[in-house]
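Right, one structure below, let's go through it.
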């Protein structure tokens with residue numbers, strides 16, 4: 001899907017772009033514009049909305065998200081067991 005057109009209120013219309021692997025690379029609409037990047041394994045690395053970028057960090061040799069940062073500041077850290085179960089999740093106020 002590349003566009004959703006609202007014939008009643010054009011401000012609600014949306015457009016979408018995809019990379020060559022069919023992953024969402026950008027979206028725009030009444031909510032503003034978003035851009036996304038991915039690593040070679042398909043994990044999302046970043047989301048940019050306007051001037052604010054959220055980055056996602058992953059564990060070594062893992063597709064499990066380990067950190068989340070907004071505007072360059074780490075806001076969450078996630079720990080896992082050897083079999084991939086979440087053991088803890090620290091929010092910014094706890095870091």
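Read-outs throughout are calculated quantities, based only on the coordinates presented, and are distinct from any laboratory measurement. The shown structure was predicted, so the numbers you read here are calculated from the model rather than taken from an experiment. A quick note on method: Cβ atoms are made from the backbone with ideal geometry, for glycine too, and the neighbour counts reach across all protein chains shown.
Of the residues making up region 62-95, those that are in contact with a strand residue (DSSP E or B) (Cβ under 9 Å, 6 or more places away or on another chain) and part of a loop (DSSP other than H, G, I, E, B) are 62, 64, 71, 72, 81, 95.
Going residue by residue through region 49-61, is there one that turns out to be under 30 Å from residue 2 (Cβ atoms), more than 11 Å from the chain's Cα centre (by Cα), part of a strand (DSSP E or B) and touching a residue at least 12 places away in the same chain (Cβ under 8 Å)? Among the residues of region 49-61, at least one is under 30 Å from residue 2 (Cβ atoms), more than 11 Å from the chain's Cα centre (by Cα), part of a strand (DSSP E or B) and touching a residue at least 12 places away in the same chain (Cβ under 8 Å), which makes the answer yes.
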